[in-house]
Amino acid sequence: MSNEPILVLGGSASPRLTQKICDQLGVAPARRDVHVFSEGNTFVRVGENVRGRRVYLVQSTVFPTNDNFMEMLFWIDALKRASADSVTVVMPYFSYAKGDKKDEPRVSIRARVCADAMEAAGADRIITMDMLPPQLQGFFRIPVDNLYALPVLGEAIKRKGLSNPVVVSPDLGFAKPARRYATYLNAPLAIGDKERKGHDERAEVMEIIGDVAGKTAIVVDDFTISGGTLVEAAKRLLEQGAAAVYAAVTHGVFTPGSMERLMASPIQQMIVTDSIETQPVEFCAKIEVVSVAPLLAEAIRRIHNRESISVLFST
């Protein structure tokens, strides 16, 4: 067990989550300065001595994606140049995770470019959450701990006491994680057949595979942007006899228009985590936010004390 105090530094994208993590750990966030010049150039400065310290940098990478990712790289570089012993990047949401393959001619494998950049800047370890596909961890040559939000979201669902629940994956790609939700909630599983025809963030749910008649459907997913897929799934579920529809999503990447779409939808409530706090929209009454700060804080504490974190992966 380490006697060295835990040092947590929060980037511009995650100040509130950083404070919650620090509250869980009983420490104060590290002092730092960030300045964005008029032409968009970002300047960062660590406000205290980090020489020989193991530092935990908290920064999600969205809204704005590229600015926050570049700021993360600058923080890593600043900490390493200030002689930090190690930098563990706590990246709750990794925007470029979906850019994991070359599935069209002449396109970039963006996730690999980002992984290389983080390593080149000096990152020693990554903590993230519900990063799909999970094999993306292989893009990194440094340790990656991909935590699950399932216990946090699962407990929030249990507290609602929903009757006759059925867990629904909106597509085949999320079927395996959705099965873990079904096991956690002791509920059956149904799967949506989804088709995405382009890069316009629109998808059509063709049909629901499984028995949902008379049940309370809980649509689970790793992230949502426009809410379109979840709304389409909710409509199909009601058409097939579902009594009510709820949603639970790890990363609420909400863009303009998403709240209006959700309010007009048959989804009664959507539970999201606080992995993202820079959304350009104000949450509507249907959104419930649960915090992953205790989960991330426990991962940091265990890593800092050189303890196993495998218990955090058991669901």
Fill in: Given charges at Cβ of Lys, Arg, Asp, Glu: segment 150-290 dipole, positive-most of Pro165, Ala285, Leu237
Pro165
Discussion item. With the crude spin-label approximation of a point 7 Å out along Cα→Cβ, what separation in nm comes out for Asn49 versus Ile209?
Written reply: 6.1
Item to complete: Pairs of Cα atoms under 8 Å, at least six residues apart: use those to get the relative contact order of the chain, whole percent.
Response: 15
Response to the item:
Note to self: C-alpha centroids of segment 125-144 and segment 2-60 sit apart, in Å, by 22
Worksheet entry | Most mobile listed residue (Asp211, Asp222, Asp274) in the chain, GNM with C-alpha springs under 10 Å | Asp211
Worksheet, complete the sentence: Listed by chain and number, the residues whose amide H is under 5 Å from that of Ala248, excluding neighbours fewer than 5 places away on the same chain and using placed H, are Val219, Val220, Asp221, Ile271
Worksheet item: Which of Val152, Leu189, Ile225 sits closest to the plus end of the dipole of segment 150-290, meaning its Cα is farthest towards the positive end, when Lys and Arg get +1 and Asp and Glu get -1 on the C-beta?
Response: Leu189
Worksheet item: Share of antiparallel DSSP beta bridges in the chain, in percent to the nearest 5?
Response: 20
Discussion item. Using a Cα-Cα cut-off of under 17 Å, which lysines could be cross-linked to Lys160, ignoring same-chain neighbours fewer than 8 residues away?
Written reply: Lys215, Lys286
Worksheet item: Nearest 20 debye, what's the magnitude of the dipole of segment 150-290 about its Cα centre given +1 on Lys and Arg Cβ and -1 on Asp and Glu Cβ?
Response: 420
Worksheet entry | Flagged links, alpha-carbon separation over 28 Å, of Lys20/Lys101; Lys158/Lys235; Lys80/Lys101; Lys20/Lys176 | Lys20/Lys101; Lys80/Lys101; Lys20/Lys176
Worksheet item: At a Förster distance of 35 Å, what's the computed FRET efficiency of Ala243 paired with Lys98, Cβ-Cβ distance as r, to 0.05?
Response: 0.60
Discussion item. Amide H of Val90 versus every other amide H placed in the peptide plane: which residues, excluding those fewer than 5 positions away on the same chain, fall under 5 Å?
Written reply: Leu57, Val58, Gln59, Ile127
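We did not get these values from a lab; they are worked out from the coordinates using the rules stated. These numbers were taken from a predicted model, which means no experiment stands behind them. With ideal geometry, Cβ positions are generated from the backbone for all residues, glycine too; neighbour counts draw on all protein chains shown.
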